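As structure tokens, the structure follows; a few thoughts come after it.
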Amino acid sequence: MVGRVQQVFYPLSLSAKILARIHTLPPKPFWVIIMAFVVTENCIKCKFTDCVDVCPVDCFHQGPNFLVIDPDECIDCTLCEPECPANAIFAEDELPEGQEHFIQLNAELAKEWPLITEVQSPLPDADDWNGKEGKLDLLER
């Protein structure tokens, strides 16, 4: 399973708190898997930024002709996915076949590219490129 594991402590009920003090037990943790969303090939040469507007944690970064999601910042809120006019955003575990390498590409480029927090105009010929396949070679770093 792809994702990062994060330890979360749940609040104890009053009786459990008393028992924990009596038995000197620490609060019990539980583990959750946080799946980041991934921007895929169809964003290349389009760079619609509708997704940026709804992101509550500012996890999008922009390059010259592509956006990426920082997997360390993404909280899996799902708000960006339906906002993308290019349908280029997917959960890590729902990536279309052949798009898996974009997980690593998003992580890598998020460290290099600047944060984007406001909506910008898409690229001038975005509508012409939307839906075209085989655009990875056109990605500008």
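The numbers here are math on the coordinates, done by the rules we state, and not lab data. Worth saying up front: this structure is predicted, and the values here are computed from it rather than measured. Because the Cβ atoms are built from the backbone with ideal geometry, glycine has one as well, and the counts that use them run over all protein chains shown.
So how far apart, in nm, are the two label points at Asp127 and Asp76 if each is 7 Å from Cα heading toward Cβ?
Modelled inter-label distance: 3.8 nm.
Within straight cross-link reach of Lys135, meaning Cα distance under 12 Å, which aspartates and glutamates are found once same-chain residues fewer than 8 apart are removed?
Within the straight-line limit of under 12 Å, Lys135 reaches these aspartates and glutamates: Glu41.
Tell me, what ³J(HN,Hα) does each residue in segment 79-94 have, in order and in whole Hz, if you take phi through Karplus 6.51 cos²θ - 1.76 cosθ + 1.60 with θ = phi - 60° and put x for Gly and Pro?
5, 6, 3, x, 7, 6, x, 8, 6, 9, 10, 9, 5, 3, 8, 10
So if I take the alpha carbon set of segment 37-132, get Rg, then get Rh from the Kirkwood formula, what is the Rg over Rh ratio?
Taking Rh as the inverse mean 1/r over Cα pairs, Rg/Rh reads 0.91.
Show which aspartates and glutamates lie in cross-link reach of Lys45 when reach means a straight Cα distance below 15 angstrom and same-chain residues fewer than eight apart are skipped.
Lys45 reaches Asp125, Asp127, Asp128, Glu133, Asp137, Glu140.
Quick one: Karplus J couplings for segment 58-75, per residue in order, coefficients 6.51, -1.76, 1.60, θ = phi - 60°, nearest Hz, x for Gly and Pro?
In residue order, the calculated couplings are 6, 9, 8, 10, 10, x, x, 9, 6, 10, 9, 10, 6, x, 7, 9, 4, 10 Hz.
Karplus couplings for segment 114-125 from phi (6.51 cos²θ - 1.76 cosθ + 1.60, θ = phi - 60°), rounded to Hz, Gly and Pro as x?
After applying 6.51 cos²θ - 1.76 cosθ + 1.60, I find x, 5, 10, 10, 10, 5, 10, 5, x, 4, x, 9 Hz.
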